[in-house]
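Visitor: One structure is given below, represented as structure tokens, and several questions about it will come after.
Please treat every number below as a calculation from the coordinates, not as lab data. All figures in this text were calculated on a predicted structure; none of them were measured in a lab.
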């Protein structure tokens with residue numbers, strides 16, 4: 001989720017009764033190992049909204065999909081998972097460290113240079 005903390009906002013700009021996620025933009029990231037990073041955004045996080053973003057950037061049938069155990073990616077036949085809850089971070093070539101590192105760099109980019117990004121920029 002990309003967006004400022006509610007505690008840093010002026011009182012008139014805070015979202016009432018919010019824990020901070022209501023006004024944030026969800027960013028979906030896909031990265032080819034040793035290759036291109038693609039970012040897209042969705043307004044609501046669910047299977048119906050994430051699928052079109054994935055299909056915009058990759059051919060789901062032809063790629064190996066490495067994910068965490070989120071149910072958002074259920075049903076893809078070429079999917080391999082790692083379960084971070086039980087301390088599983090890599091099983092051979094099956095890991096999500098590449099995209100997690102890319103998101104870390106993306107957040108540093110926002111904090112250090114641009115401070116904000118629009119959905120249009122991510123598309």
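Visitor: If you bin the C-alpha pair distances of the stretch 51-115 every 10 Å from 0, what whole percents do you get?
Guide: Pairs per bin, as whole percents: 19, 42, 31, 9.
Visitor: Taking only Cα atoms of the stretch 6-114, what ratio of Rg to Rh do you get with Rh as the Kirkwood inverse-distance radius?
Guide: Expressed as Rg/Rh, it is 1.01.
Visitor: Given an 8 Å cut-off on Cα distances and at least 6 residues of separation, report the relative contact order of the stretch 6-114 as a percent.
Guide: Once normalised by length, the contact order is 16 percent.
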